[in-house]
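First up is the structure itself, then whatever we jot down about it.
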Amino acid sequence: MSKFSEVKNLVDSLEGDFEKFYDKGNQAAGTRVRKGMQELKNLAQDIRVDVQNIKNS
């Protein structure tokens with residue numbers, strides 16, 4: 001469940017940057033959003049692999 005907490009914390013940490021980018025047009029915030037979404041993608045892939053391994057064992 002710690003990975004689930006990591007996902008939640010990552011999404012929560014990106015909320016401010018999403019607002020800055022979409023509402024205020026802050027380009028640097030957009031870069032941080034892209035970086036955070038890449039981290040989220042990698043974390044999600046790790047979780048998928050873990051679930052598959054547990055399921056198959």
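Based on what the data block shows, is Arg32 exposed (fewer than 12 other Cβ atoms within 10 Å of the Cβ) and either closer than 12 Å to Lys3 by Cβ or without any contact (Cβ under 8 Å) to a residue 40 or more places away in the chain (or both)?
Numbers: exposed (fewer than 12 other Cβ atoms within 10 Å of the Cβ): no; either closer than 12 Å to Lys3 by Cβ or without any contact (Cβ under 8 Å) to a residue 40 or more places away in the chain (or both): yes.
When the stated conditions are applied, Arg32 does not pass them.
Which one of these is among the small types (Gly, Ala, Ser) and touching a helix residue (DSSP H, G or I) at 6+ places or on another chain (Cβ under 8 Å): Gly30, Gly25?
On the way: Gly25 fails: touching a helix residue (DSSP H, G or I) at 6+ places or on another chain (Cβ under 8 Å).
Matching residue, one of Gly30, Gly25: Gly30.
Hey, among Asp12, Asp17, Asp46, Asp50, which residue is open to solvent by 90 Å² or more (accessible area, probe 1.4 Å) and part of a helix (DSSP H, G or I)?
Selected residue: Asp12, the only one of Asp12, Asp17, Asp46, Asp50 that is open to solvent by 90 Å² or more (accessible area, probe 1.4 Å) and part of a helix (DSSP H, G or I).
The values are calculated or read from the model by the stated rules, or taken from the named source; none is laboratory data. Source: prediction; values computed, not measured. Note: ideal-geometry Cβ built from the backbone for every residue, glycine included; neighbour counts use all protein chains shown. In case anyone asks, the SASA skips ligands and DNA or RNA and just uses the protein heavy atoms, side chains included. Shrake-Rupley method; radii C 1.70, N 1.55, O 1.52, S 1.80 Å.
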